[in-house]
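The values are calculated or read from the model by the stated rules, or taken from the named source; none is laboratory data. Since the model is a prediction, treat every value here as computed from it, not as a measurement. All Cβ positions, glycine included, derive from the backbone under ideal geometry; neighbour counts span all protein chains shown.
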Amino acid sequence: MFFKTESGLFYYEEHGPKSGPAVIFTHGGGLNSGMFKAQVAALRKKYRVITWDLQGHGRSAPLHGNLDVPKMADYLIGIMDETGIDKAVVVGQSLGVYVNNHAALKYPDRVKAIVSIGGLPVDKPMSKIELFVFRILMAISKLLPEKLIFKRAAVEKAKTEEARQFFLESMNGMGKKQFLRMLAGQLDACDIKVEKAPPHPLLITNGEHEMPKSLIKANKEWHESVPGSRYYKIPGAGHNANMDNPKAFNRELTDFLEEIWMQEVAGS
């Protein structure tokens, strides 16, 4: 299905009973909604599951400039309006975490809870050193062959052969020009001043072999700064942790979802 916006058409899929609690998945940079295949399979019997492709990714509209993270947050809510969803738990991986958190900040009443996979809090996205390294890597990427960039990224971000192959296929589908515009949009998002992260219930996850490794420390600090939040390091997994070890991730996700929606039932 496609959602019409001023930026073009955005692809999304809907699974599960329309009466079920809503869970929306936002993928990471260079990937697409197919990365949540194992999560859709695990949730679709009980939950209403939405996956979608960000601009420049998958089957959504191409990027003609840098990716606009706040605008993607608006489009996420637009898909909720399109499908008649009032409130949802939002699950994001890496870049998708930025998008989901901006949606929670701009539309707090539309988000029930937040799940992060290899992401960072929007109020402390990257250190100055990390931003400097990011900009250097972007400059180098402009000079390197597309095939080399994508292969190295796949090896660094994923640990299983299946996840690496998916990463390569996704990035090859978007191409180097779109990939660089996506990265530039991530840098733009880091410049957005956010005083405080969303106060919603929170599950933070990252891979045991996360890349960059500093993200593990940042996630632990994020967890410690948010009372009542959960943190889980997914064994044997890299940055694409939900794909590298779907069994372990799905267990944590379903436990979290059960707790969130049980609280709503108890409070109603």
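Worth a mention:
- Tallying residues that are over 29 Å from A154 (Cβ atoms) and hydroxyl-bearing (S, T, Y) within the range 195-239 yields 2.
- Residues located in the range 61-107, provided they are small (G, A, S), closer than 24 Å to L180 by Cα and part of a helix (DSSP H, G or I): A73, G96, A103
- Search result, residues across the range 190-209 that are surrounded by fewer than 22 Cβ atoms within 10 Å (Cβ to Cβ) and either under 17 Å from the mean Cα position of the chain (by Cα) or under 18 Å from K124 (Cβ atoms) (or both): C190, D191, I192, K193, V194, E195, K196, A197, P199, H200, P201
- In the range 52-86, of all residues being out of contact with any Gly (no Cβ under 8 Å at 6 or more places or on another chain) and among the hydroxyl-bearing types (S, T, Y), the one that is farthest from S170 (Cα to Cα) corresponds to T83.
- Screening L202 against (1) hydrophobic (A, V, I, L, M, F, W, C); (2) within 28 Å of Q263 (Cβ to Cβ); (3) in contact with an Asp or Glu (Cβ under 8 Å, 6 or more places away or on another chain) leaves a single unmet condition, (3).
- Candidates are the residues of the range 212-268 that are touching a strand residue (DSSP E or B) at 6+ places or on another chain (Cβ under 9 Å) and β-branched (V, I, T); the one that is farthest from V89 (Cα to Cα) is I216.
- Condition check for T51: within 13 Å of the chain's Cα centre (by Cα), at pLDDT 95 or above, crowded, with 21+ Cβ neighbours inside 10 Å and farther than 20 Å from R181 by Cβ: yes
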